[in-house]
């Protein structure tokens, strides 16, 4: 098993994050893999929004982007490269996002999952997320995280 470490992303991680996002889009069957709009990732560096990355052998192999809102965090994108799936990386990244939320007083974490991505939906359910809204092509899921 390869060693994996975790940290907050830095701007030099952007190309690797963009590649993982494109891989994510292909995984869910989105043929429009143009990636993020120019400058989109900049909001995650230096403000309340953050990205956590998983790194193995100096390569980013997974990430979660976390948007801080009033009372909750939104897990915008979660991706682990295919050959590193099933190793607990996604679980650890989500745990980091939830801890970040709790430290900032957010009471819940929210995410969206494509309706067709059944394995991801079950993964989130195992972590305590429940479907709170059916939005047609995707589900909104949430988890109460605030430790009182």
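Things worth noting here:
- Between residue 6 and residue 83, the simple spin-label model (points 7 angstrom out along Cα→Cβ) gives 2.3 nm.
- Cα-based equivalent ellipsoid of the range 5-144: semi-axis lengths in Å, sorted from largest, via gyration tensor: 20, 19, 15
- Here each label is just a point 7 Å from Cα along the line to Cβ, and for residue 18 and residue 91 those points are 3.4 nm apart.
- Beta bridges per DSSP, both residues in the chain: antiparallel share near 90 percent.
- Full extension of the chain between residue 58 and residue 137 yields a length gain of 24.9 nm, computed as 0.36 nm times the residue separation minus the alpha carbon distance.
- Per-residue ellipticity at 222 nm computed for the chain from its helices equals -8000 deg cm²/dmol, with DSSP H segments shorter than 4 residues left out and the rest contributing -39,500 (n - 2.57).
- Extension gain, residue 116 to residue 37, is 26.0 nm, computed as 0.36 nm per intervening residue step minus the present C-alpha separation.
- Among 57-69, 38-50, 83-95, 125-137, the order from most to least packed when residues are scored by Cβ within 10 Å on average: 57-69, 83-95, 38-50, 125-137
We did not get these values from a lab; they are worked out from the coordinates using the rules stated. The shown structure was predicted, so the numbers you read here are calculated from the model rather than taken from an experiment. A quick note on method: Cβ atoms are made from the backbone with ideal geometry, for glycine too, and the neighbour counts reach across all protein chains shown.
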